[in-house]
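K.L.:
Let me begin by handing over the structure; questions about it come next.
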Amino acid sequence: QVQLVDSGGGLVQAGASLRLSCAASTRTFSSYTMGWFRQAPGKEREFVAALLLSSTIYADSVKGRFTISRDNAKNTVYLQMNGLKPEDTAVYYCAAALLGSAYVRNPNRYDYWGQGTQVTVSS
């Protein structure tokens, strides 16, 4: 069982930056594919970014603005968000699974989820 704790959300103006963190409670953290998803009110959960053992994958909507990274010594994955836009407003969730790159965009493939952290971007 892996527990994930999201943090770092907040209310910011358009153009600002935020860094989300997700702390994992597992000794095998480095083996997991870590993903970030988001869900806006009335919308389905949407893929944002994923970090496999040696590669990263991004949604087109965030490519060039968001960066996913991990610190295996701290069992933590990060999502650096720059150039935030009002349309980035959502609850952001981190997720973990033992996955290959073909499946990282599908939320149903992830086994463990954080509780979510709210990101609100005002115009």
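The values are calculated or read from the model by the stated rules, or taken from the named source; none is laboratory data. All figures in this text were calculated on a predicted structure; none of them were measured in a lab. Cβ placement follows ideal geometry from the backbone for every residue including glycine, while neighbour counts extend to all protein chains displayed. These accessible areas exclude ligands, DNA and RNA; they are computed on the full protein's heavy atoms, side chains included. Shrake-Rupley method; radii C 1.70, N 1.55, O 1.52, S 1.80 Å.
K.L.:
Of the options Phe47, Val121, Tyr78, report the single residue whose Cα projects farthest towards the positive end of the charge dipole of the chain (beta-carbon charges: Lys, Arg +1; Asp, Glu -1).
P.N.:
Towards the positive end, the residue furthest out is Tyr78.
K.L.:
Loop-only check: which trypsin sites (Lys or Arg not before Pro) in the range 66-123 are DSSP coil with at most 12 other Cβ within 10 angstrom?
P.N.:
Sites meeting the loop and neighbour criteria: Lys74.
K.L.:
Figure the gain on full extension for Thr67 and Asn108 (residue separation times 0.36 nm, minus the Cα-Cα span) and round it to one decimal in nm.
P.N.:
Once the chain is fully extended between Thr67 and Asn108, it gains 12.5 nm.
K.L.:
Largest first and in whole Å, what are the equivalent-ellipsoid semi-axes of the chain based on the Cα gyration tensor, each being the root of 5 times an eigenvalue?
P.N.:
Semi-axes, largest first: 22, 14, 13 Å.
K.L.:
While we're looking at this one, here's another question. Got a number for carbon plus sulfur as a percent of the chain's accessible area, 1.4 Å probe?
P.N.:
The computed percentage sits at 46.
K.L.:
Ok, one more. Just to be sure I understand the model, the point goes 7 Å from the Cα along the line to the Cβ. What's the resulting Gln118 to Ser17 distance in nm?
P.N.:
That separation, rounded to one decimal, is 2.5 nm.
K.L.:
To continue, here is another question. By average Cβ neighbour count within 10 Å, what is the ranking of 81-89, 28-36 from highest down?
P.N.:
Ranking, from highest mean packing down: 28-36, 81-89.
K.L.:
So what is the orientation-averaged projected area of the range 12-84, using the convex hull of its C-alpha atoms, in nm²?
P.N.:
Spelled out: convex hull of the Cα atoms, projected over all directions, averaged, 5.5 nm².
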